[in-house]
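Notes for the one structure printed next.
The values are calculated or read from the model by the stated rules, or taken from the named source; none is laboratory data. This one's a predicted model, so the numbers in the text were calculated from it and none came from an experiment. Quick reminder, even Gly has a Cβ in these numbers, built from the backbone with ideal geometry, and neighbours come from all protein chains shown. These area figures cover heavy atoms from the full protein model, side chains too; ligands, DNA and RNA do not enter into them. Shrake-Rupley method; radii C 1.70, N 1.55, O 1.52, S 1.80 Å.
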Amino acid sequence: MSIKSDNWIRRMSLEEDMIKPFEPKQIRRANDQKIISYGTSSYGYDVRCSTEFKIFTNINHNIVDPKNFNEQSFVEVNSDECIIPPNSFALASTIEYFRIPRSTLVICLGKSTYARCGIIVNVTPLEPEWEGHVTLEFSNTTPLPAKIYANEGVAQMLFFESDEMCETSYKDRNGKYQGQTGVTLPKA
């Protein structure tokens, strides 16, 4: 298994629609303002989050159950910014839609700009032949409110290609999150 470079990411995105919309270089400014970078990096791709956020609240329930998740556990916000309460979390979705090749596994890591502020990004691996918008989880580990910016870089995707094809892909298993769009809540 080997990590893939910017050239591979560009080729796969332009020829195979692996990432859409796709930015072939690193973008650090928009509308003459400095932003948290997104786009292709040396060995990865920095994704942006959309303006759709679901902020966790404990007002309506006292148990979080992944087998019986209640949508009332979230407050929906559509904005260019999201304020996450102290010691809480929010869900968002990538702007980019991914189509992962059968020989590829993708790992997501948070950007250092957010990590240095106590904001952790969590995403499970993108498995071979999974496709969809990635649901991002932002944990605010601080005792203060924390801000997330939509339409700017939030996490980096690292692409690993295997020497051989997997026997069973996410698509073969009819994975429950296949083709997801927008923020997708847990499914039992």
Within the range 6-56, residues more than 17 Å from the chain's Cα centre (by Cα) and of a type in the set (Asp, Glu) come out as 6, 15, 16, 17, 32
Residues satisfying the stated conditions in the range 19-48, i.e. open to solvent by less than 20 Å² (accessible area, probe 1.4 Å) and either out of contact with any Ser or Thr (no Cβ under 6 Å at 6 or more places or on another chain) or of a type in the set (Asp, Glu) (or both): 37, 39, 40, 44, 45, 46
Name the single residue that is nearest to residue 12 (Cα to Cα) among those in the range 136-175 being of a type in the set (Val, Ile, Thr) and surrounded by fewer than 21 Cβ atoms within 10 Å (Cβ to Cβ). 168
For residues that are among the polar types (S, T, N, Q) and in contact (Cβ under 8 Å) with a residue 24 or more places away in the chain, scanning just the range 58-84, find the one that is least open to solvent (accessible area, probe 1.4 Å). 79
Just name the residue that is most open to solvent (accessible area, probe 1.4 Å) out of those in the range 114-135 that are of a type in the set (Ser, Thr, Tyr) and modelled with pLDDT of 95 or more. 135
Within the range 42-72, work out how many residues are closer than 16 Å to residue 19 by Cβ, among the β-branched types (Val, Ile, Thr) and part of a loop (DSSP other than H, G, I, E, B). 0
